[in-house]
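Encoded as structure tokens, the structure appears first; notes follow it.
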Amino acid sequence: MVGAPLLQLAGVEKIWPNGTVALRGVDLTLHAGRVHGLLGANGAGKSTLIKVLAGAIPASGGTVAWRGELVRWASPRAARAAGVATIYQHIPLVPTLSVVENMLLERAGGWRADRAGCARAAQVASLLDNPFDLDALVGDLPIGTRQMVAIAQGLMADPALLIMDEPTASLAGHERERVYAVVRLLAAQGHAVLFVSHFLDEILSLTDEVTVLRDGRAVLHAQTADLDEAAIAAAIVGRSVTALERRPRAARAFSNPPPEGEGDQPQAGGGVLSTSDEARGALPLHHRLWRRSPSPSGGGLIENPPALELRDLGSPGKLAPTSLTVAAGEIVGIAGMLGSGRSELLHAIFGADPAARGAVLLHGKPIGRTPEEAVAAGVALVPEDRATQGFVAGMSVAENIALPRTGLFQSPVQEHEAALAAIERLAIKVQGPDAPVGELSGGNAQKVVIAKWLTPDTRLLLLDEPTAGIDIGARTDILRLIRGLADEGLPVLLVSSEFEELIGVCDRILVMRDGLVIAEVDPETTDEAALIQRASGNFPSTGMAA
Amino acid sequence: MMQTTDWRAGLGLRKAGIYYALLILLALLAGIAHSRGLPAYLSAQNLGNIAYQASLVGIMGVAMTVMLITGAFDLSVASVAALAAAVLVGLAPSIGFPLAALAAIVTAVSVGIFNGAIVQFVGINAFIVTLGTLTAVRGLVLVLTDGRSLMVEQPEVLQQMLAFESTRVPLFWPLLALAVALSAWAAFRRRILIGLAGLVVAGLALLAGQGFAVAAPVVYLALFTALVWAVLRFTVVGRRIYAVGGNAEAARLSGVNVHAYKLGAFILSSAAAGFAGVLFGCRLGAINPTALQGAELTVIASAILGGTSLFGGAGSVLKTVAGALLLFTLTNGFNVLDLGASYQGLIEGIVVIAAAAIYTVGGNRRRAA
């Protein structure tokens with residue numbers, strides 16, 4: 001069918017020094033002139049595989065054959081010299097330099113812009129049908145054009161293989177089309193392309209072959225023509241174990257109350273977390289550590305408003321005006337790919353997006369549009385990137401947990417006890433409350449970020465990828481905790497790329513794409529493959545959220 | 001067990017190095033003075049002098065430390081202090097000392113609000129903005145003074161100003177009381193480091209003798225340092241100051257008003273500079289338009305000697321004061337012992353770099369461990 005393979009991986013393994021196994025023997029064969037799609041869920045090993053191919057990290061086992069010869073690239077430079085160009089997802093360009101200078105960055109020599117280099121840059125640009133002005137500053141270009149610059153930079157050395165890591169993840173529709181056109185053009189010119197993507201529709205329309213990774217193994221090799229979205233989605237999901245058993249609805253005290261509060265639910269209204277004296281003994285530790293002030297809106301109301309109501313909440317360019325309600329004790333999942341507007345929705349609710357417009361009502365009362373006011377009203381956000389948004393690395397566990405507390409004085413004894421209680425309740429593996437959070441592993445640091453909000457003052461929990469990059473044990477702990485908090489009456493909005501988790505814990509799931517809630521699905525009647533299809537395919541909007 | 005490792009780490013080079021450096025320098029200078037047959041270097045008189053000379057830089061350094069902890073930077077402090085001194089000396093003859101001092105501090109605070117507002121709301125880097133105000137405010141001083149020295153000539157106003165700045169405060173009994181309080185706290189909480197601090201204070205008091213007294217600015221420095229230290233150590237505001245510098249986004253998403261804290265740091269820095277300027281104006285009853293030129297670098301050097309990170313999130317005001325004392329001990333030693341003033345700048349610069357190197361290398365080792 002095709003000639004000798006350009007690149008052939010056999011049994012490639014990667015074991016990190018801490019014992020984590022990222023790749024468990026991957027086989028992959030790439031041919032010149034063909035576009036090869038690489039898919040897999042988060043943590044399946046895609047990024048690791050790309051880094052091995054790019055020479056950024058050495059493989060622990062297996063062989064890499066390049067043009068039929070066994071190779072072992074010790075550095076990205078060696079891989080590039082051999083003819084492998086990698087375009088990373090977060091486009092690493094220098095925004096203060098011009099396009100041509102970015103393209104010449106890797107070039108050795110004495111002059112800043114030598115004539116041969118500039119000529120080559122112009123040649124590459126014309127190859128791509130001149131998508132940009134060579135003298136424009138990269139910082140002034142829109143994101144889609146920057147992606148083109150990154151591709152052009154990769155093509156400067158005329159590579160035989162171009163690896164593209166989710167090149168369309170942050171692009172709008174028409175910008176994606178340009179990337180597709182370039183990929184087709186490159187393949188037609190005889191380059192091999194390894195195209196990594198979350199989007200099934202583009203994989204189907206663009207690639208010739210597909211490899212799906214799961215848990216560090218290649219579980220599917222096939223010609224794209226023999227596949228459909230459902231088959232790929234099934235391969236991505238596999239028969240992986242479900243971390244959480246779904247409990248039947250009837251067993252849950254607070255799940256899915258009638259859509260318009262009927263007034264006879266004892267937990268609705270403001271007082272969902274207020275504790276009677278008899279109940280206090282049975283509640284988890286945090287209720288005893290912080291005494292909750294009586295809720296101003298509790299009791300006496302005939303019609304209970306929903307715990308959370310959004311009215312036309314939107315942010316220009318990021319989030320279409322969205323209206324939805326969440327009942328007390330309900331976990332609403334948000335399924336969407338990177339850039340679908342899922343984080344933007346949570347940030348808009350939390351007041352962390354100054355451009356957001358619309359109203360957020362918590363138990364019928366509008367809340368302020370800044371994070372301070374949101375926190376004061378009882379809204380808690382566990383952000384997506386814990387290291388840059390979630391914790392202060394230099395501060396201790398106790399100090400991080402105490403960060404949202406207000407008042408005049410620190411209360412070391414109480415904070416110490418609260419930290420000890422959180423360490424025990426969330427099974428945080430740490431020497432003690434005084435250890436700096438920066439030294440903890442990802443899962444334990446994430447538990448600290450969540451513990452920050454485990455106070456009775458919290459009346460709405462917003463979770464953005466709370467289990468990203470976390471091992472399965474910690475993940476199960478966190479999901480159980482979320483379910484438990486909801487069962488105590490907390491409304492929860494949960495964003496996750498792990499759709500299996502959403503199906504496991506949510507009461508209903510909203511699917512987002514391109515800043516828009518495109519569907520609402522019932523987790524009991526859907527499966528992960530169907531969710532992946534909805535979030536990543538161009539499905540018609542079936543059930544726009546009210 | 002936690003406690004033992006805790007206090008041992010507290011005595012390590014990284015945590016307590018600045019105190020050791022200060023003690024070693026004092027011992028060295030005392031030795032040189034002794035060997036040359038000069039009057040005793042470690043006299044109460046001379047130590048009081050060093051503290052007096054360091055007081056203005058110390059006051060500005062404490063506020064600068066708060067500024068650095070929040071992750072910002074203020075180069076304009078010395079110019080602001082000079083402006084405050086000029087306002088004081090210019091207005092005191094007509095409206096009296098207390099009102100003139102108030103006007104001086106209000107002027108200083110308004111520069112701080114200007115700095116902070118531009119940094120926070122226009123988004124220009126603090127280094128650039130305060131470099132601008134450093135120059136512009138110094139220019140304003142020149143305009144206000146018309147390029148000449150101003151002085152207060154009314155004897156009664158001058159008297160008030162001198163009383164504010166030069167009154168000598170007896171310190172023997174207050175120091176002993178402080179030592180007793182520290183020891184009691186140490187015994188109650190089982191904190192070895194605080195006990196050590198109590199012993200050092202008691203030793204100093206006994207060494208200095210019953211007649212020990214210092215000029216008022218030293219007391220102002222001590223009170224201001226104690227206040228800021230307590231706020232940083234014990235209050236929620238203190239924790240949030242560290243959080244804002246350590247990870248502004250995490251602090252914001254925890255409901256901390258990051259803008260208010262950063263603006264507050266600029267205001268505190270300028271207010272402290274204004275107060276230092278008032279003290280400076282009172283010291284001479286006069287102001288020369290080039291007064292305090294370059295002092296901002298000494299202020300920042302003190303904070304760096306004290307281990308404050310220029311990237312925010314870490315720093316201690318007590319160590320900044322120790323850093324200021326160390327720099328002024330160097331100056332004082334070169335003068336008193338006549339070691340050749342030409343070497344002074346060279347040695348000071350090397351000390352600052354060496355200190356930063358110790359902190360950085362120590363920090364790297366800790367991260368690697």
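Taken together, the values in this text are just the output of simple stated rules run on the coordinates, not laboratory data. Here the structure is a predicted model, which is why all the values come from computation and not from measurement. Neighbour counts run over all protein chains shown; Cβ positions are idealised from the backbone, glycine included.
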## Note on the structure
Quick calc, the protein assembly as shown, dipole around Cα centre from Cβ unit charges on Lys, Arg (+) and Asp, Glu (-), nearest 20 debye, gives 2780 debye
### Query
Per the helix-only calculation at 222 nm, which mean residue ellipticity applies to the protein assembly as shown, given -39500 (n - 2.57) for every DSSP H run of n ≥ 4 and division by its residues, nearest 500 deg cm²/dmol?
-15500 deg cm²/dmol
### Query
Can you list residues whose amide H is under 5 Å from A:ALA218's amide H, if they're 5+ apart or on another chain and H is modeled 1.01 Å from N?
A:ASP27
### Message
Sort B:PHE280, B:PHE234, B:PHE328 by Cβ crowding within 10 Å, fewest neighbours at the top.
### Response
B:PHE234, B:PHE328, B:PHE280
### Kirkwood Rh, Cα atoms: Rg over Rh of chain B
0.97
### Summary
In region B:65-203, taking the dipole from +1 charges on Lys and Arg beta carbons and -1 charges on Asp and Glu beta carbons about the Cα centre, the listed residue (B:VAL66, B:VAL141, B:ALA86) farthest towards the positive end is B:VAL66
### Task
Name the residues whose placed amide hydrogens come within less than 5 Å of the amide hydrogen of A:LEU7, ignoring near sequence neighbours (fewer than 5 apart) on the same chain.
A:LEU30, A:ARG67
### Query
For region B:293-325 and region A:320-386, what is the separation of their Cα centres, given in Å?
41 Å
### Task
Could you order peptides B:244-257, A:425-438 by the average number of other Cβ atoms within 10 Å of their residues, highest first?
B:244-257, A:425-438
### For the protein assembly as shown, with +1 on Lys and Arg beta carbons and -1 on Asp and Glu, the positive-most of A:ILE236, A:ALA486, B:THR130 along the dipole
B:THR130
### Task
Using label points projected 7 Å from each Cα along Cα→Cβ, tell me how many nm separate B:TYR20 and B:VAL122, to one decimal.
4.6 nm
### Message
Could you list A:TRP111, B:TRP229, B:TRP185 so that the one with the fewest beta carbons within 10 Å of its beta carbon is first and the one with the most is last?
### Response
A:TRP111, B:TRP185, B:TRP229
### Fully extended contour minus Cα-Cα distance, from A:ARG311 to A:ARG72, at 0.36 nm per residue
80.3 nm
### Task
Report the paramagnetic label zone for B:MET151: residues of region B:277-308 whose backbone N is under 16 Å from a point 7 Å from Cα along the Cα-to-Cβ axis.
B:281-291
### Query
When only C-alpha pairs under 8 Å and at least 6 residues apart count, what is the relative contact order of region A:7-237, in percent?
29 percent
### Message
Per 0.36 nm of contour for each residue apart, how much would the distance between B:VAL361 and B:THR235 grow if the chain were fully extended, relative to their Cα-Cα spacing?
### Response
42.3 nm
#### Entry: Protection proxy ranking, peptides B:339-348, B:200-209, B:290-299, average beta carbon neighbours within 10 Å, highest first
B:290-299, B:200-209, B:339-348
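Determine the gain in length on full extension of the stretch A:SER441-A:ILE57; use 0.36 nm per residue of separation and subtract their C-alpha separation, reporting nm with one decimal.
136.1 nm
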### Task
Over the alpha-carbon set of region B:50-115, divide Rg by the Kirkwood Rh and report the Rg/Rh ratio to two decimals.
1.03
### Query
Hey, fewest Cβ within 10 Å first, where do B:CYS282, A:CYS506 land in order?
B:CYS282, A:CYS506
### Query
Using alpha-carbon positions, what is the distance between the centroids of region A:112-133 and region B:69-129, in Å?
53 Å
### Query
For the charge dipole of chain B, defined by +1 on Lys and Arg C-beta atoms and -1 on Asp and Glu C-beta atoms about the Cα centroid, which residue among B:ALA16, B:ALA273, B:GLY96 has the Cα displaced farthest towards the positive pole?
B:ALA16
### Task
Count, for each residue of A:385-397, the Cβ atoms from other chains sitting within 10 Å of its Cβ, then give me the mean as a whole number.
5
### Message
Just to be sure I understand the curve: with the Debye formula and one point per C-alpha of the protein assembly as shown, what is log10 I(q)/I(0) at q = 0.06, 0.07, 0.10 Å⁻¹?
### Response
-0.56, -0.74, -1.22
### Message
Apply the Karplus curve 6.51 cos²θ - 1.76 cosθ + 1.60, θ = phi - 60°, to the phi angles in region B:247-256 and return the couplings in whole Hz, x for Gly and Pro.
### Response
6, 4, 5, 5, 5, 4, 6, 9, x, 8
#### Entry: Hz values of 3J(HN,Hα) by residue in region A:95-102 - Karplus curve (6.51, -1.76, 1.60), Gly and Pro given as x
x, 8, 9, 6, 4, 5, 5, 5
